[in-house]
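The values are calculated or read from the model by the stated rules, or taken from the named source; none is laboratory data. Predicted, not measured: the structure shown is a model, and the values here were computed from it. Ideal geometry is used to build each Cβ from the backbone, glycine not excepted, and the neighbour counts take in all protein chains shown.
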Amino acid sequence: MSERFYSDARLYDRLFPGGEPAVDFYRAEADRQGGRVLELGCGTGHKLIPIASDGHPCTGLELSSDMLTEAQRKADERAIAVEWVQGDMRDFDLGRTFDLVFVAANSLLHLHEAADLLRCFRSVRAHLAPGARFIFDVFNPNVRVLADADGVRRTRDALSFVDPDRGDVRVDVAETYDAAAQVTRGTWHFSADSEPDFLVAPLELRSIFPQELPLLLSLAGLRLVERFGDWSGRPFTGDAAIQLCVCESD
């Protein structure tokens with residue numbers, strides 16, 4: 001699960017700031033569904049805290065205790081009540097159902113095996129109230145990009161950020177693609193001028209190809225009812241950057 005990558009929650013938030021179109025989308029879906037909301041792989045609460053601020057009863061499930069600690073701090077800072085639960089999205093039982101369950105920001109891709117994805121989907125199915133929706137977003141694999149993953153360390157200029165303690169932080173990534181496993185295996189290097197490679201962390205993400213999804217979902221008792229290619233609701237096409245999937249119970 002690439003635990004080291006998520007060991008510094010505040011650093012993670014500086015690496016991936018913003019994302020407002022995604023936040024707005026999930027807030028709108030929570031308003032549309034009403035009722036209780038569950039986010040799996042909730043991280044530091046970047047999406048769930050705004051949803052809770054809109055008045056929805058919210059629960060966030062997250063494997064990393066470091067991320068949950070930061071999520072709690074951020075919620076307390078805004079005086080917003082959220083139930084935070086440490087747990088594994090592959091196998092959880094919260095003893096109640098929800099009107100919206102979502103998994104954002106490629107978090108689902110930490111589940112590398114088809115069996116793990118099915119376990120997650122079946123756990124979701126058991127937590128859906130009548131009329132509830134399950135929504136998730138994952139990237140749409142680009143075979144050219146995957147083929148170019150040659151293991152060479154390269155700087156990702158778009159990911160650079162400023163850390164209040166270290167100053168400018170550069171991010172280098174070296175990736176290879178395991179086609180048999182459909183997993184991209186990366187090593188991320190975080191460096192400041194005064195502290196080269198202050199964090200070196202592996203990150204491994206599965207690719208879920210568009211043809212796989214309907215079958216995997218159906219095996220878990222779920223049905224893909226809509227698939228969008230961006231946050232504005234544009235229909236999904238082969239060259240879309242993301243797969244934004246809206247599911248219901250069969």
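Residues of region 165-216 that are of a type in the set (Ser, Thr, Tyr) and part of a strand (DSSP E or B): 176, 177, 184, 187, 191. Cβ-Cβ distances below 6 Å connect the following pairs, each with a first residue in region 47-76 that is β-branched (Val, Ile, Thr), a second residue that is surrounded by fewer than 16 Cβ atoms within 10 Å (Cβ to Cβ), and a separation of six or more residues or different chains: 59/83.
Answer yes or no as to whether residue 190 is surrounded by fewer than 18 Cβ atoms within 10 Å (Cβ to Cβ), of a type outside the set (Lys, Arg) and in the same structural domain as residue 148 (by TED's automatic domain parsing).
no
Going through 165, 157 one at a time, which residue ends up being modelled with pLDDT under 95 and among the acidic types (Asp, Glu)?
After ruling out the rest, the residue left standing is 165.
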